[in-house]
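The values are calculated or read from the model by the stated rules, or taken from the named source; none is laboratory data. Every value quoted in this text rests on a predicted model; they were computed, and no experiment measured them. Positions of Cβ are backbone-derived with ideal geometry, glycine not excepted, and every protein chain shown enters the neighbour counts.
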Amino acid sequence: MTRFLLFTSTAALLALPAAAETFRWAGTTDPQTMDPHAVNSTPVLGFLNNVYEGLVRRGRDMAIEPSLATAWEPIGDGAGWRFTLREGVTFHDGSEFNAEDVLFSYRRASSEEADVRSWFAPVSDVVVVDEHTVDILTSSPQPLFPDSIANWMMMDAGWAEANGAELPSRDTENFAMRNANGTGAFMLESRQPDLETVLVPFEGWWGEADHGITEAIFTPIQNSATAVAALLSGEVDMINPVPVQDAERVDANEGTRVIRGIESRVIMLGFAHDHETLRNGAENPFADLRVRQAVAHAVNVPAILQTNMRGSAEPAAQLVAAGTSGYSDANGERPAYDPEAARALLAEAGYPDGFAFDFSCTNDRYLNDESVCQAIVGMLAQVGLDVTLDAMPVSNYWPQLREDNFDMYLLGWSPGTFDAEHPIRFLVHTSGDRLGTWNFGGYSNPRIDALLPVMQSEIDPVARQAAMDEAAAIIQDDMAYVPLYVQPLLWGVRDGVSVTQRPDDFFILRWVELE
Amino acid sequence: MLSYILRRVFQSVLVLLVVGLVAFAMFRFVGDPVDTMLGQERTMQDIERLRESLGLNKPFFIQYWDFLVRAVQGDLGISYRQGRPVAEIIAERLPATLELAAVSGAFALIFGIVFGIFTAIRRDGFAANAIMTLSLIGVSLPTFLIGILLIYVFAVELRWLPSFGRGDVVDLGWWSTGFLTQSGLVALILPSITLGLYQMTLIMRLVRSEMLEVMRQDYIRFARARGLKDRAIHFRHALKNTLVPVITVTGLQLGSIIAFAIITETVFQWPGVGLLFINAIQFVDIPVMAAYLMLISVMFVAINLIVDLLYVAIDPRLRTDGKGA
């Protein structure tokens, strides 16, 4: 009945002269929970960034800026960080935000049940100094700690306790999954999982709001053709993403356009470095550097960008996109497309007639992933490699990779911290329980392992960047991965709506401008 | 009679149990839910701990047994994706699917019978031939394509009808209905046509051929000889006798309308159980997949059981404990 009442009351509102600006947008995935600590995924964190806030936040250019903390400084010689909290901030239910909430949010987000607990791995303790000062102590110097907690969102201790949501939970229902009480610019008005989530501006927000939205409605639309139709027919004001092949149509249509940007996600090829044999039983050629180099030269990245990405993406030379912090400007060159050189390298490695192997690929994870993989198979065939494509849904893909059941594979990586250290920690460091957890191919280089702690703890930015440059050069020389391109961001909007794209694919509602 | 019913009920339960076993054996091939549940910064320990707590390390028949034990107690588990009880989610989504199925079933039945009679009576007319040809196109195009086509014509170009969703719904206790609001009714049109088109064609062709058959019977000829009006012959004498097989087929098709709703629901973002199932597959949400498959098989088994029992009621020869013979 409430929905019906809501419908009639908004209809009544629309009849009034005061302009009610309802903004409707659609995305492929419904944020599966409203709990900011339960799930570490882009749909959830991106959506909740509109409702909850962290101590710091990222601006339009991904730079860290003050949010619930107005200032922060290192304690002593790398013992931790002191955050000065903003005064006069209230949660949506009216209770005041203070240092106790920070301590509570730390305990909650670093608990066993929280998916985001890895952010707090270096934290040894959180100390409340006074009502508006908090010390976060770390076991080693963490120069980039503030950057790593931009998505650590603050929850009200009193609200969580009153509603029995002191901890995130996975196997029971929890109040915080369907309700929210943040400090952000928008409040959760109603939530029907998988159906519709309604946000309204928070009148008591500490910041300046100039978006002009009075109500924002999010609807998940899974089928991309339906989402495009909904945009073209004017039923929604914005969709994310627009399928690559529909971008021209949305642009050509009167009244809608595509906003193009670059996501921070790099698409790359990975190899079975440490396997004895290929899946077909033959000796593993990918242990040989020259074979990996041959693959790098055989793949025509500009052609992939032209045909599969319709010119929307950018080539990548490193595991992070240009512009990411720690990106190595000295190593910005990617291997040129050179089938002759590829053939020569293969011959030199002892495979003048090529060899046969399997190429594992997702078909529902990255933009046009399967068609890109098919193109790569064709390109490798031209240098004599007999590649069998093994494309599968992502839910089957990760288990296969974890079981070492692959020869060469496609991988996309978006650095959660927006820093070049992130992929090195997960993809390049020698595989272990906490580090190198996505290093499926078993690449291992002691120098990289030695450089990682420097990247994590070096306070001096010049020395840190030197470590970054050295690591980037080693990864390129060893051809640990072959970075291909940076995935594009394609959002569709109707005329009169302007939005800001952030490379982490977060949609920040307060940056929307309605004409 | 009683022993026959008991035997059929027993067989039905057996079928259900086997369906469940096959389903649980298949879940391993759908993928591993832990990767989608944990973020990219998970450790190997996190993966192991989650597998352990979800019981994914156990052999599938043990997982199935655990599911059955809890299901018998009315607990269908917690969705991996939404973290809410599966029974609650399904109860929330079922009205959308049932309303869609009812409307498209009614659409298929009404238009199927009307067109069937029309094409039988005007066998060689232009309109009848046009309907037959169009229905052939309708039945050979995949549902997905028909849905997208309808969306582009009626939502994007003409802007008469919405392209997605269920419109505004009214909650009547635990049932949410789209029948009571204008936007809810309008939203039903395109998905119902998409879902019902195949069944409509089927019923239309069945009615047409039955009708042509009946029209050749002696009693129709005699009716004509008696000088009865065409209308009376067609509708009172011929139609009545064509409807028996139509009713049987319609009953059996009701189950497949609900099961086929998956594709239509995905195209129109219709918030029913079919869309829920697609979501569950992508996420490897095993409790939801299991509950949905059990629900659908219970439905099919129940419909078949009812049909079988109706036959027994109608045809005394099937009563084996029989005084009749």
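Annotations for the structure displayed:
- Hey, residue B:111 more than 27 Å from residue A:221 (Cβ to Cβ), among the aromatic types (Phe, Trp, Tyr) and within 22 Å of the chain's Cα centre (by Cα) or not: yes
- Unmet requirement for residue A:185, which otherwise passes all of (1) within 12 Å of chain B (Cβ to nearest Cβ); (2) surrounded by 21 or more Cβ atoms within 10 Å (Cβ to Cβ): (1)
- Applying the criterion of being surrounded by 21 or more Cβ atoms within 10 Å (Cβ to Cβ) and among the small types (Gly, Ala, Ser) to the residues of segment A:16-74, the residue that is farthest from residue A:189 (Cα to Cα) is A:69.
- Verdict on residue A:256 being crowded, with 17+ Cβ neighbours inside 10 Å, hydroxyl-bearing (Ser, Thr, Tyr) and over 29 Å from residue A:61 (Cα atoms): no
- Checking residue B:124 against (1) assigned to a loop (DSSP other than H, G, I, E, B); (2) farther than 30 Å from residue B:239 by Cα, the condition it does not meet: (2)
- Output for segment B:178-232, where each listed residue is aromatic (Phe, Trp, Tyr) and either within 21 Å of residue B:158 (Cβ to Cβ) or without any contact (Cβ under 8 Å) to a residue 24 or more places away in the chain (or both): B:219, B:222
- Each residue in segment A:374-403 was checked for being in contact with an Asp or Glu (Cβ under 9 Å, 6 or more places away or on another chain) and assigned to a helix (DSSP H, G or I), and 9 pass.
- Scanning segment A:256-271 for residues that are more than 30 Å from residue B:50 (Cβ to Cβ) and free of Cβ contacts under 8 Å to residues at least 40 places away in the same chain turns up nothing.
- From B:187, B:130, residue being out of contact with any Pro (no Cβ under 8 Å at 6 or more places or on another chain) and outside any loop (DSSP other than H, G, I, E, B): B:130
- Within segment A:226-242, being touching a residue at least 24 places away in the same chain (Cβ under 8 Å) and either charged (D, E, K, R) or within 13 Å of chain B (Cβ to nearest Cβ) (or both) holds for A:227, A:228, A:230, A:231, A:232, A:234, A:235, A:236, A:237, A:239.
- Test: residue in segment A:83-97 that is farther than 30 Å from residue A:189 by Cα and either within 14 Å of chain B (Cβ to nearest Cβ) or in contact with a Phe, Trp or Tyr (Cβ under 9 Å, 6 or more places away or on another chain) (or both): yes
- Selected residue (criterion: farthest from the other protein chains (Cβ to nearest Cβ)) from residues of segment B:142-165 that are part of a loop (DSSP other than H, G, I, E, B) and surrounded by fewer than 14 Cβ atoms within 10 Å (Cβ to Cβ): B:142
- Residue in segment A:299-321 that is over 30 Å from residue A:492 (Cβ atoms) and not in a loop (DSSP other than H, G, I, E, B) present: no
- Residue tally, condition in a helix (DSSP H, G or I) and in contact with a strand residue (DSSP E or B) (Cβ under 6 Å, 6 or more places away or on another chain), over segment A:220-229: 1
- Screening A:459, A:448 for residues that are more than 9 Å from chain B (Cβ to nearest Cβ) and not in a helix (DSSP H, G or I) leaves exactly one candidate, A:459.
- Filter result for residue A:438 (of a type in the set (Phe, Trp, Tyr), in a loop (DSSP other than H, G, I, E, B), at negative phi and facing chain B (nearest Cβ under 10 Å)): yes
- Subset tally (residues that are closer than 20 Å to residue A:181 by Cα, of a type in the set (D, E, K, R) and surrounded by fewer than 18 Cβ atoms within 10 Å (Cβ to Cβ)) for segment A:95-112: 3
- Restricting segment B:25-45 to residues that are buried (at least 17 other Cβ atoms within 10 Å of the Cβ) and more than 8 Å from chain A (Cβ to nearest Cβ), the residue that is nearest to residue B:82 (Cα to Cα): B:34
- Some residue of segment B:278-290 being within 30 Å of residue A:227 (Cα to Cα), more than 14 Å from chain A (Cβ to nearest Cβ) and modelled with pLDDT of 90 or more: yes
- Taking the criterion of being within 13 Å of chain B (Cβ to nearest Cβ) and either surrounded by fewer than 17 Cβ atoms within 10 Å (Cβ to Cβ) or closer than 30 Å to residue A:67 by Cα (or both), the residues of segment A:207-223 that qualify are A:217, A:218, A:219, A:220.
- Test for residue A:271: is it more than 14 Å from chain B (Cβ to nearest Cβ) and within 29 Å of residue A:418 (Cβ to Cβ): yes
- Residues of segment A:462-496 satisfying the condition of being among the β-branched types (Val, Ile, Thr) and crowded, with 19+ Cβ neighbours inside 10 Å: A:475, A:482, A:486, A:493
- Of the helices (runs of 4 or more DSSP H) lying entirely inside segment B:1-111, those carrying at least 1 residues that are free of Cβ contacts under 8 Å to residues at least 60 places away in the same chain and acidic (Asp, Glu) are B:33-37, B:44-54, B:60-72.
- Figure legend. Inter-residue proximity from segment B:260-277: first residues closer than 11 Å to residue A:221 by Cβ and within 11 Å of another protein chain (Cβ to nearest Cβ), second residues among the acidic types (Asp, Glu) and surrounded by 24 or more Cβ atoms within 10 Å (Cβ to Cβ), beta-carbon distance below 7 Å, spacing 6+ or different chains. Indicated pairs: B:275/B:265.
- Set B:91, B:101, B:96: member being closer than 30 Å to residue B:196 by Cα, of a type in the set (Gly, Ala, Ser) and within 12 Å of chain A (Cβ to nearest Cβ): B:96
- Strands (runs of 3 or more DSSP E) contained entirely in segment A:1-73, each with at least 3 residues that are at pLDDT 85 or above and more than 14 Å from every other protein chain (Cβ to nearest Cβ): A:56-58, A:64-66
- Of the residues making up segment A:235-252, those that are within 24 Å of residue B:263 (Cα to Cα) and outside any helix (DSSP H, G or I) are A:235, A:236, A:239, A:240, A:241, A:242, A:243.
- Out of A:425, A:365, A:402, A:334, one residue alone is within 14 Å of chain B (Cβ to nearest Cβ) and under 25 Å from residue A:303 (Cβ atoms). It is A:365.
- Residue check, residue A:312 in contact with a Leu (Cβ under 9 Å, 6 or more places away or on another chain) and hydroxyl-bearing (Ser, Thr, Tyr): yes
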